[in-house]
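The values are calculated or read from the model by the stated rules, or taken from the named source; none is laboratory data. Bear in mind the structure is a predicted one, so any value in this text is a computation, not a measurement. Counting neighbours? That spans all protein chains shown, and the Cβs are built from the backbone with ideal geometry, glycine included.
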Amino acid sequence: MFENIIQKTEAFVKNELGSDSTGHDWYHIERVRKNALYIAQTEKKGDRFIIEMAALLHDIPDEKLNSSKEAGEKKLLEFLYSLELDQEAQKKIIGIIESISFKGGTKTDLMSIEAEIVQDADRIDAIGAIGIARAFAYGGKKGQALYDPEIKVREEMTEEEYRKGKSSSIHHFYEKLLKLKARLNTETAKNMAEKRHQYMEEFLEQFYHEWNGQS
Ligand code: ADP
Ligand code: NI
């Protein structure tokens, strides 16, 4: 029965996200699912079915992919209610997706182990080689520069400058990507992040070398 529900969910998500090119395509979902299940297995924690369902559905209510926040939530709820799931499982899955899409960045005390694992898996996919590729894909879609040395990093901007919203994909590394390693919940994810974090540091170093006309 669980297998059938997973298959239905997979088909639903593929259909909803298939053509997205802002970094939320089906293969992002597949990587998050794989990483989440790997973390759960290594940590020997969490309910695997709940984790897999939440990983599959985590981007469905994302504001960027829906006409409004409410429309996104409705889409998630309608789908979940169409499945033969008990209420407790429904509540758990919704709770995870709500807590990980909260963009505050700081860990809330109320997160379940399943939420911590899915959040880690989502964050792992935003760093390393894949994270670099996603940042530039997102930046291209938004029409922002690869890099603009004139733009200050967020910490050095005034509120007004920030509101004007100018950024570059390289800036996104300082605003978010390089901070993710320290925000992970599980030891397994922290281990996975080491190599990926270092790879981003090396990428930036080489990027500036080439930017300045060095080999
Ligand atoms: P998440 O999947 O964690 O919710 P987002 O929806 O914020 O991430 O973004 C999707 C992808 O686009 C991520 O890989 C993220 O790093 C990247 N991204 C988000 N904002 C920017 C930005 N301003 N510049 C470049 N890349 C971005
Ligand atoms: Ni995601």
Item to check | Residues that are assigned to a loop (DSSP other than H, G, I, E, B), exposed (fewer than 13 other Cβ atoms within 10 Å of the Cβ) and not small (Gly, Ala, Ser), drawn from the range 54-67 | outcome: none
Checklist entry - Where residues in the range 1-41 are modelled with pLDDT of 95 or more and among the charged types (D, E, K, R), which of them is surrounded by the most Cβ atoms within 10 Å (Cβ to Cβ)? => result Arg33
Checklist entry - Among helices (runs of 4 or more DSSP H) lying entirely in the range 109-215, which contain 2 or more residues that are in contact with a helix residue (DSSP H, G or I) (Cβ under 9 Å, 6 or more places away or on another chain) and polar (S, T, N, Q)? => result 187-211
Next on the checklist: Given the condition among the aliphatic types (A, V, I, L, M) and either at pLDDT below 95 or under 19 Å from Asp59 (Cα atoms) (or both), answer yes or no: does some residue in the range 189-209 qualify?
Outcome noted: no
Next on the checklist: Being more than 16 Å from ligand 1 (Cβ to nearest atom), at pLDDT 95 or above and assigned to a helix (DSSP H, G or I) narrows it down to one residue among Glu70, Glu88; which is it?
Outcome noted: Glu88
Next on the checklist: Just the residues that are closer than 25 Å to Asn191 by Cα, more than 17 Å from the chain's Cα centre (by Cα) and part of a loop (DSSP other than H, G, I, E, B), please, taken from the range 1-53.
Outcome noted: Lys44, Lys45, Gly46, Asp47
